[in-house]
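Novice: Would you mind keeping the following structure in view while I ask a few things?
The values are calculated or read from the model by the stated rules, or taken from the named source; none is laboratory data. Model, not experiment: these values are computed from the prediction. All Cβ positions, even for glycine, are placed from backbone atoms using ideal geometry, and neighbour counts span all protein chains on display. What goes into the accessible areas is simple: the full protein's heavy atoms, side chains included, and nothing from ligands, DNA or RNA. Shrake-Rupley method; radii C 1.70, N 1.55, O 1.52, S 1.80 Å.
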Amino acid sequence: RTDPGGMFAFTGLPPGEYEITSTGEDRAGNPMWLRKQGTVREGSMCSVRMEFRSIPCAGRIVSGGAPVAGATVTAAAREGTWLRRAVTDANGGCAFTLPGQGLYEIAVPRSGGTSLRRELAVAEDATEPSFDIELPIEQER
């Protein structure tokens with residue numbers, strides 16, 4: 001746990017490479033996490049700055065060039081338990097707030113219980129990643 005100023009410390013760690021994962025919630029109560037790498041050297045201290053940020057992401061679902069309204073779209077983190085769902089609007093658009101950099105899977109359900117899936121890579125400096133998915137004309141929502 002962090003102190004009231006957001007600081008934390010681990011003592012007695014042997015030298016080596018470490019991955020630090022921090023979890024929390026954004027202002028809307030959505031779960032967020034961060035992962036950072038750090039190296040502890042003999043007789044020294046390792047300092048890591050972790051800052052939560054939300055990244056808006058928008059997408060559009062079309063079929064035969066026409067917007068698909070009412071499609072349920074999910075965005076899931078490749079690593080972790082983060083998941084969001086949105087329903088496309090009349091223009092086939094939908095939006096999510098992503099918890100940060102990483103690989104996400106965008107999925108639209110298909111008939112027969114399968115989903116059309118696309119990978120979305122979000123870089124650390126990303127400001128507004130987006131996606132477009134073209135569904136086959138016979139696609140069901």
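Novice: Determine whether Arg1 is open to solvent by 40 Å² or more (accessible area, probe 1.4 Å), touching a Phe, Trp or Tyr at 6+ places or on another chain (Cβ under 9 Å) and either under 22 Å from Leu120 (Cα atoms) or at pLDDT 90 or above (or both).
Specialist: no
Novice: Between a first residue in segment 8-27 that is touching a residue at least 60 places away in the same chain (Cβ under 8 Å) and a second residue that is assigned to a strand (DSSP E or B), which pairs have beta carbons less than 6 Å apart while being 6 or more apart in sequence or on different chains?
Specialist: Every condition considered, the pairs that remain are Asp26/Met32.
Novice: Taking segment 9-30 as the search range and keeping residues that are open to solvent by 70 Å² or more (accessible area, probe 1.4 Å) and under 25 Å from the mean Cα position of the chain (by Cα), which one is modelled with the highest pLDDT?
Specialist: Top of the filtered list is Glu17.
Novice: Out of Gly93, Gly112, Gly102, I need the residue that is over 11 Å from the mean Cα position of the chain (by Cα) and open to solvent by 20 Å² or more (accessible area, probe 1.4 Å). Which one?
Specialist: Going through Gly93, Gly112, Gly102 in turn, the sole match is Gly112.
Novice: If you don't mind, there's one more thing I want to ask. Residue under question is Ala86, and the condition is that it be under 30 Å from Ala9 (Cα atoms) and modelled with pLDDT under 95; does it hold?
Specialist: no
Novice: Can you name every residue in segment 74-114 that is free of Cβ contacts under 8 Å to residues at least 40 places away in the same chain, within 12 Å of Asp132 (Cα to Cα) and assigned to a strand (DSSP E or B)?
Specialist: Gly93, Cys94, Ala95, Ala107
Novice: Out of the residues in segment 115-141 that are out of contact with any Phe, Trp or Tyr (no Cβ under 7 Å at 6 or more places or on another chain) and among the basic types (Lys, Arg), state the one that is most open to solvent (accessible area, probe 1.4 Å). Before you say what the answer is, go through the steps one by one.
Specialist: Let us first name the residues in segment 115-141 that are out of contact with any Phe, Trp or Tyr (no Cβ under 7 Å at 6 or more places or on another chain), namely 115-117, 119, 121, 123-141.
In the following step, the residues that additionally are among the basic types (Lys, Arg) were identified as 117, 141.
Numbers: Arg117: 122, Arg141: 160 Å².
Looking at residues that are out of contact with any Phe, Trp or Tyr (no Cβ under 7 Å at 6 or more places or on another chain) and among the basic types (Lys, Arg), I get Arg141.
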